[in-house]
Structures are given as structure tokens and as C-alpha cells.
Amino acid sequence: SKADLVLTWGKPAASVAIDARITGTPLVTMVRWWRNISSLPVGSLMRRPVDTVFTSQYKELFQVSKAIVTNNIYSKNVIERWQPVSKGKVHVSYVPILDECTQKGDKGGFLTIVTPEIYGEVQLVRELASKMPNENFLLVNTPEYHKYAFAGLDNVICEGYLDMEEVWSRTKALLLPIYQNDICGTRRVTIE
């Protein structure tokens, strides 16, 4: 039976667009992952020259999509710059924060990084932890391979997935490095 709608994102998106075109099924694409937008390293996608060889490989994804959903204004602008066929179809959908927000945290708590990836977080924590031995660092949602980078640093704790309510109650300050990269998704939402 035919689906009413196909929702895609990430690695399979380009292939899913072909299937949606063939079957005539409306396609909605979610964008938080730059690898469908540009080649790596990302750099500044609003200033960097558009790589037309790369964008031509993904053009069908943006042509076929009836709607493209991202979670911040900056990403919308990047998508429309790199894939002009997407103009008029890109929508920003912030994740709502419902209810009252109360101040959380612990003045004696951790300097925290959530989801260390490839944007300088490991280097930042290694350098700060060695220069600030009296501060404690918490890395949440840490890939297993990053944990080895902190061997010998007793003031660094690497955790896997944790409920953020628990994390915020143990955090003094959230660190959000943005060195030489073009952050997307969750990090850009935090800045906006």
C-alpha cells in the first residue's frame, strides 16, 4: 500500500527522494545534518563559495521535497543559499519549551559539554582540564572513542546518555565551543 507521506533526514534522504519521486509520494525532509547540504569540512556556509558539484548531487532531494523542516533560522538561510530550489519550502520549527522555566544549576558543579563531536570540544576540555585542575568537567552523550582522550585527567567525567534534568542540576556552566565550524541543529538553536 502507498504511504500518505514520507519523512526523511540524514544519510538515506537522497535515496528516499528518488523513491518518493517514483511513487509520487509527498516527501518532507528534516535538515539538521549538514552532509546533505555541503561537503566537509563545513566552514561558514553563508560565506563559503557554494560547491556546485556537491549540490548537484543532492538537488533532487530538495526539488522533490514538498517541505523542508529545520530547527533554526540560520539553517533555513543556509539551505536556501546552497539549494535555491528549496526557496519557499523551508520551514523553521523550534522545539517548544512548555511551562515555567526556573533557574537550575549548581554553583559548585561541572563545566558541561553536551554531545562532544568534531567541533573542538575534546581539545577544549583537554586543555581547560589540564590548566584548571580545580574545576570539574562533565561530557554528556559522549561517544565511546572520545572517552580515551581524557585518560589521566581526573577532573573529567564522560557519560553516555543522561536525562538533561539530571545534567542541569549538576552544571555550573554550559560550554559551547564554535571554533572554525558552522554549527547546525541543536547548537544553533541554543545560540538563537
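Set side by side, the residues 113, 157 differ, and just one is in contact with a helix residue (DSSP H, G or I) (Cβ under 6 Å, 6 or more places away or on another chain) and outside any helix (DSSP H, G or I), which is 113. In the condition set (1) touching a strand residue (DSSP E or B) at 6+ places or on another chain (Cβ under 7 Å); (2) more than 29 Å from residue 33 (Cα to Cα); (3) in a loop (DSSP other than H, G, I, E, B), residue 129 is compliant with all but (3). For segment 130-139, a residue qualifies if it is aliphatic (A, V, I, L, M) and either surrounded by 14 or more Cβ atoms within 10 Å (Cβ to Cβ) or at pLDDT below 90 (or both), and the qualifying residues are 138, 139.
For first residues located in segment 109-137 and in contact (Cβ under 8 Å) with a residue 60 or more places away in the chain, partners that are open to solvent by less than 20 Å² (accessible area, probe 1.4 Å) and among the acidic types (Asp, Glu) and lie 6+ apart or on another chain with Cβ distances below 8 Å form the pairs 113/121. In segment 73-129, the qualifying residues are those that are open to solvent by less than 70 Å² (accessible area, probe 1.4 Å) and among the basic types (Lys, Arg), and the one that is modelled with the highest pLDDT is 89. Restricting attention to segment 140-192 and to residues that are at pLDDT below 85 and among the basic types (Lys, Arg), the residue that is nearest to residue 78 (Cα to Cα) turns out to be 188.
Among the residues of segment 25-58, which ones are more than 14 Å from the chain's Cα centre (by Cα) and under 15 Å from residue 8 (Cα atoms)? Matches in segment 25-58: 25, 26, 27, 28, 29, 58. For segment 1-88, the strands (runs of 3 or more DSSP E) that sit wholly inside it and include 3 or more residues that are touching a Phe, Trp or Tyr at 6+ places or on another chain (Cβ under 8 Å) and under 24 Å from residue 117 (Cα atoms) are 27-31.
The values are calculated or read from the model by the stated rules, or taken from the named source; none is laboratory data. Every value quoted in this text rests on a predicted model; they were computed, and no experiment measured them. With ideal geometry, Cβ positions are generated from the backbone for all residues, glycine too; neighbour counts draw on all protein chains shown. Just the protein is used for accessible areas: all its heavy atoms, side chains included, with ligands, DNA and RNA removed. Shrake-Rupley method; radii C 1.70, N 1.55, O 1.52, S 1.80 Å.
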